[in-house]
Amino acid sequence: MYEFEIQNMTCGQCASTVEKAIKTADPEASASIDLAARTAKVETKDPAAINTAIGKAGYPSSFRQI
C-alpha cells in the first residue's frame, strides 16, 4: 500500500482525473482518494508508474509506502 500526496487536487473533478490516471497506469490497482487531505491510498505493484501518470495528468505528487 502506498500513500500519494497530490498537489493541486482541489475539487471532485480533480479527484476523478487522478483516479482515472491511477487506473490507466495500473488497471489492477485499488485506490481510495481523500480530497480533503489531498492524498490517495493505492494498492499497487508499480507506484512509480502511478506517480508518473498522476503527474502527467497535471497533479504533481510524491509517494511513500505505508
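Enumerate the pairs (first residue in segment 21-37 and among the small types (Gly, Ala, Ser); second residue anywhere and open to solvent by 60 Å² or more (accessible area, probe 1.4 Å)) with beta-carbon separation below 6 Å, excluding pairs fewer than 6 apart on the same chain, so at least 6 apart or on different chains.
Between residues of segment 21-37 that are among the small types (Gly, Ala, Ser) and residues that are open to solvent by 60 Å² or more (accessible area, probe 1.4 Å), the close pairs are Ser30/Glu43; Ala31/Glu19; Ser32/Lys41.
From the list Ala31, Ala53, pick out the single residue that is outside any helix (DSSP H, G or I), in contact with a helix residue (DSSP H, G or I) (Cβ under 6 Å, 6 or more places away or on another chain) and not basic (Lys, Arg).
Working: Ala53 fails: outside any helix (DSSP H, G or I).
Result: Ala31 is the single residue among Ala31, Ala53 that is outside any helix (DSSP H, G or I), in contact with a helix residue (DSSP H, G or I) (Cβ under 6 Å, 6 or more places away or on another chain) and not basic (Lys, Arg).
If a residue must be surrounded by 14 or more Cβ atoms within 10 Å (Cβ to Cβ), more than 10 Å from the chain's Cα centre (by Cα) and aliphatic (A, V, I, L, M), how many such residues does segment 40-56 contain?
1
The values are calculated or read from the model by the stated rules, or taken from the named source; none is laboratory data. Please read all numbers here as calculations on a predicted model, not as lab measurements. Glycine also receives a Cβ, built like all others from the backbone with ideal geometry; neighbour counts cover every protein chain displayed. Surface areas here come from the heavy atoms of the whole protein model, side chains and all, with no ligands, DNA or RNA. Shrake-Rupley method; radii C 1.70, N 1.55, O 1.52, S 1.80 Å.
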